[in-house]
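To start, the structure itself, in structure tokens.
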Amino acid sequence: KDYLKDQPFDVANHLAMIINVIKQVTKGIVLRNTQIISILTLWKNKKNGVMVQIGTGEGKTFIAIAFAILKFLEAKKNSKKPSVHIITSSIILAERDAINEINKKIYEAFGIKVGHNCDKDLDKRRDVYNQCQVIYGNLGNFQRDYLLTIFYDLELLDKDRLQTVIVD
């Protein structure tokens, strides 16, 4: 049961739940203060967009996951089919983060299905866009699918569905 369904969106409560799920799924990893501050900085500046620089090894994966979940949960209040696209620097990272069992379990705890758009098969990518709420891919793959949708009417992307893009 969705206990928060009829409540106004409260980022603190939702973030606390995400932190708790991450700790449970990873069997002990607790987000560091710098990660939490990064997530809250992204959240606070959501109207104009914001860029944060996170160094190698500082936990970008969990920051992206937590922020994607927050954005999905917020959008879910206003949309029946919200989605979040996470743009990575390479296909390898996109596939890794989308199929990682720990990441999938974290997303699944919030009713979110995760996938990637790195497959060459058009029908498989269409299924990902239609069935997943969080989609990983590199910039070129998102560009390709956008152009195929706009100029070739292949209907890969639902233009009314996208709410958030995160560049990792």
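Data table
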{"item": "Flag for I92 being of a type in the set (A, V, I, L, M) and in contact (Cβ under 8 Å) with a residue 12 or more places away in the chain", "result": "no"}
{"item": "All positions within segment 69-127 that are touching a Cys at 6+ places or on another chain (Cβ under 7 Å) and hydrophobic (A, V, I, L, M, F, W, C)", "result": "I91, A94, V114"}
{"item": "Residue in segment 25-45 that is under 16 Å from I166 (Cα atoms), in contact with a helix residue (DSSP H, G or I) (Cβ under 8 Å, 6 or more places away or on another chain) and open to solvent by 70 Å² or more (accessible area, probe 1.4 Å) present", "result": "yes"}
{"item": "Elements of type strands (runs of 3 or more DSSP E) in segment 56-168, at least 3 residues being surrounded by fewer than 20 Cβ atoms within 10 Å (Cβ to Cβ)", "result": "162-167"}
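The values are calculated or read from the model by the stated rules, or taken from the named source; none is laboratory data. Bear in mind that the values here come from a model prediction, so they are computed numbers and not experimental data. Quick reminder, even Gly has a Cβ in these numbers, built from the backbone with ideal geometry, and neighbours come from all protein chains shown. For accessibility, only protein heavy atoms count, side chains too; no ligands or nucleic acids. Shrake-Rupley method; radii C 1.70, N 1.55, O 1.52, S 1.80 Å.
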